[in-house]
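Asks: Once you've had a glance at the structure underneath, I'll fire off some questions.
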Amino acid sequence: MNLLLGISLWMVLINTACGSFEGSLVGHDQPTTSQGAHDRTLVDRLRSMSDSFATTFYNQLLATQPPNANVFFSPFSIYAALLMTYLGAQGETRKELGGVLGLSQEEIVRTSTEPDFVNKQFLKFISDIFAGGSGNASANNGGNYKLDFANRLCVQDNMTIQPSFTELLKKFHNSDIKRYDFGTQAEAARLDVNAWVGNVTRGKIANLLPPGTVDAQTFLILVNAIYFKANWMTQFEASATQDAKFFTAGADTFRQVRLMTTKRRVFYLYDKTLKAQIVEIPYQSEELSMVVMLPRALTGMEDLLAGLTAQKWKELQDRMDMALVELKLPRFRLETSYDLVGALSGLGATHLFAGADLSGMLEAASSVTVSGVVHKAFVGKCC
C-alpha cells in the first residue's frame, strides 16, 4: 500500500519580484497578555522549530539539486504536512518524524498520551499569521492581502480512518476528508485532487500530482495547499524601472534585466559575519513582509547560506533597524516541483519510506510505504 503527500504553494507579489535573493515571509509577533504567557512560550518554541526546519531543510534540498539552481519552496507548507502525518504515526516512524520536526524526546513521549499537545500550539501559531489570531485558515486583512491555507485527506474508500485522527485533523488543521476508489479510478482521483489544488491556488498550480503518481496501490493522499497574494505597502514606480546587469553566480555570469528601483525607509542591516545586506520590505498590512538578503561579493551566496541558521536568523531580525535604502529588485517568476523523499530521508525520516507505522491514522496500516512527497511552488509578478 502506498501513501502520497502532495504539498503546493502559490505566491503572487503585486508589482514586485526578486531573483537569486534569499526571500521569506515574516509574520510579526502579536501582543500577548500575561494570562497567555505560558501558551505563548510554547507557540514561540514552535515558531523556532519551524525556522530551524526551514534552514536545515533548505540545505538538505539544495544538496539534491544541480549546481547554481534556483531553490524555491514553502517550509511552512512542508512542516504543516509533516505535522499532520506525525498525528497518525506510531513507533519508530513517530520518533523519526518528531526529530525532523524538532521535537525533544520529552515532547515526543508526551504527544503519545496527549496527541493534541503540539497541535494546539500549531493552531495558535498559524492563528498569528491568518487573520492576526482569529484561528481562520483564510485571511484578507481588509483587502490588503489574501492568504488561504487548506488541507485534504484523500483516502481509499474501503479504508477505516481512526476516529481520533479525524477529530484532530478537523480541529487543528482545518482538513476535510474525501474518499476515492484508487483501485479502479486512480487517474480520475489524481485529476480531482489536482482540480482541488488548482481551485485553492486560483489556477496557478494545476498539476500538482503528475501522471503516474497515483495508481491502484495508492490508499491515501495527504494534500496541503497555500495561496498568498499581496500589495507592497509602498509600490514601486514604473517610471523608475531601469535596465541593468543582474549577476547570478559570479562576475562573468549575468543577464540584462529590468530593475525596479526606489529609495525608502525600511528595516535594514549589514551583517559582517554573513557579509550580506538584509532588507525587510513590508506588505500593506505590515503584518507580513518579504526579507531579501544580498551578499556583498558576487560569489558570496554560498557563504551566506552556510552561515544562515535559525539562531542567526533570529539575531538578524532583532538587530535590523530603520534606514534610508536605495532598493533595486528585478522582476521574476519561479516555478519549482520536487519529490522530497531524498531530502526528508536525509534528515532522518527513513521509516516513512520503508515500512511506516501509520496505525494512528488508519486501521491495518502498521507497515505501509510513502511512495512520494510532491511539492510544487510558484511565485511571480502579477501586474
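The numbers here are math on the coordinates, done by the rules we state, and not lab data. Fair warning: this is a prediction, and the values are worked out from it, not measured in the lab. As a convention, Cβ positions derive from the backbone with ideal geometry for all residues, glycine included, and neighbour counts pool all protein chains shown.
Asks: Say the cut-off is 20 Å between C-alpha atoms; which of LYS229/LYS314; LYS178/LYS204; LYS272/LYS312 go over it?
Replies: Beyond 20 Å: LYS229/LYS314; LYS178/LYS204.
Asks: Taking the Cα-to-Cβ direction at ASP176 and at GLN235 and moving 7 Å from each Cα, how far apart do the two end points lie in nm?
Replies: 3.6 nm
Asks: A further question on this structure: Compute the FRET efficiency between GLU167 and GLU315 as 1/(1 + (r/R0)^6), taking r as their Cβ-Cβ distance and R0 = 51 Å, and round to the nearest 0.05.
Replies: The value I calculate is 0.80.
Asks: What's the extension gain from THR299 to PHE247 if we count 0.36 nm per residue and subtract their Cα-Cα distance?
Replies: 17.8 nm
Asks: I've got another one for you. Give, as a single signed number, the net charge of other residues whose beta carbon lies under 13 Å from the beta carbon of LEU222, with Lys and Arg counted +1 and Asp and Glu -1.
Replies: Taking every Cβ under 13 Å from that of LEU222, the sum is +1.
Asks: In nm, what is the difference between 0.36 nm times the number of residues separating LEU324 and ALA63 and their Cα-Cα distance?
Replies: Value of the extension gain: 90.3 nm.
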